Amino acid sequence: MACPENMFFLIGLFMSGVLSTFGQRGLIATMPDRLDVLTGSCMQIPCSFDIPDKNKYTFNSTILTSGVWTKEDPYFDVHLEYVIFNSSETVNRYQGKIIGNMSQKNCTTVFFNVNTSYTNRYFFRIESQPYRATDIKKSVY
Ligand SMILES: *[C@@H]1O[C@H](CO)[C@@H](O)[C@H](O)[C@H]1NC(C)=O
Ligand SMILES: *[C@@H]1O[C@H](CO)[C@@H](O)[C@H](O)[C@H]1NC(C)=O
Ligand SMILES: *[C@@H]1O[C@H](CO)[C@@H](O)[C@H](O)[C@H]1NC(C)=O
Ligand SMILES: *[C@@H]1O[C@H](CO)[C@@H](O)[C@H](O)[C@H]1NC(C)=O
Ligand SMILES: *[C@@H]1O[C@H](CO)[C@@H](O)[C@H](O)[C@H]1NC(C)=O
């Protein structure tokens with residue numbers, strides 16, 4: 001019998017396939033597929049990003065770019081609770097910090113005091129005036 005985790009993974013793959021039929025990705029986030037973390041410890045996600053379509057937007061390192069993490073789903077419009085971290089906010093659902101240098105497209109992030117309720121998929125998004133994009137195809141479990 002398949003364990004719930006495997007089923008979750010298959011659903012994830014199926015959804016990526018469906019989503020890939022829509023236009024080009026506005027953001028490519030590079031991060032591990034999966035991280036195993038001990039309860040009570042901190043979770044460091046190695047992360048970097050790039051904007052594939054330079055005609056759409058060329059990353060400008062002098063403009064402040066904030067980093068956003070969503071859990072469960074990249075679409076948070078009707079589920080604001082999916083937004084668990086926004087580097088522009090001082091209070092977030094998850095206590096964390098982007099330790100990478102966003103100007104260098106380094107979005108390496110640490111979340112503190114992780115517990116079992118953190119088990120989920122996480123998506124990365126950048127918000128850099130006037131450009132905003134989420135990588136809907138890549139998540140870290
Ligand atoms: C980057 O943004 C700054 C500040 O808005 C602007 O002065 C500069 O021309 C921009 N650079 C490019 C390459 O667009
Ligand atoms: C992140 O925070 C900024 C500043 O409060 C806000 O303008 C932006 O909408 C927030 N982004 C998300 C995805 O909540
Ligand atoms: C990104 O930042 C992290 C934390 O400072 C660092 O350990 C890592 O080497 C950086 N990655 C790159 C590609 O520069
Ligand atoms: C981040 O990178 C930018 C561009 O390379 C650099 O100017 C800035 O000093 C760096 N910030 C930190 C905190 O290292
Ligand atoms: C797990 O962390 C969340 C978010 O920080 C917190 O709301 C919740 O109370 C924690 N659960 C346990 C069992 O510590």
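The values are calculated or read from the model by the stated rules, or taken from the named source; none is laboratory data. Since this is a predicted model, take the numbers as computed values, not measurements. Backbone-built Cβ (ideal geometry, glycine too); neighbour counts: all protein chains shown. Each accessible area value is taken on the protein alone, full model and side chains, heavy atoms only, with ligands, DNA and RNA left out. Shrake-Rupley method; radii C 1.70, N 1.55, O 1.52, S 1.80 Å.
Given a 1.4 angstrom probe, I'd like the percentage of the accessible area of region 26-134 that is carbon and sulfur, rounded to a whole number. Please report the intermediate quantities before stating the final value.
Working: 2990 of 6040 Å².
Accessible surface attributable to carbon and sulfur in region 26-134 totals 49 percent.
What's the extension gain from TYR57 to ASN101 if we count 0.36 nm per residue and subtract their Cα-Cα distance?
Details: separation 44, 0.36 × 44 = 15.84 nm, distance 1.94 nm.
Gain on extension, TYR57 to ASN101, equals 13.9 nm.
If I take the Cα coordinates of region 26-134 and project them onto the principal axes, what are the three extents in Å, biggest first?
On the principal axes, region 26-134 reaches 43, 29, 27 Å in Cα extent.
Relative to the Cα centre, what is the charge dipole magnitude of region 26-134, using +1 at the beta carbon of each Lys and Arg, -1 at the beta carbon of each Asp and Glu, and rounding to the nearest 20 debye?
On the way: 10 positive and 10 negative charges, 45 e Å.
That gives a dipole near 220 debye.
Please compute the length gained on full extension between ARG93 and ASP50, using 0.36 nm multiplied by the number of residues separating them and subtracting their Cα-Cα distance. Before the final figure, lay out the partial values.
On the way: separation 43, 0.36 × 43 = 15.48 nm, distance 2.58 nm.
This chain segment gains 12.9 nm when fully extended.
Leaving out ligands and nucleic acids, note down the accessible area per residue over region 26-134 with a 1.4 angstrom probe, in whole Å².
Values: 6040 Å² over 109 residues.
Dividing the accessible area of region 26-134 by its residue count gives 55 Å².
Considering only PHE85, LEU64, ASN120, whose Cα is most displaced toward the positive end of the charge dipole of region 26-134, charges sitting on Cβ of Lys, Arg (+1) and Asp, Glu (-1)?
LEU64
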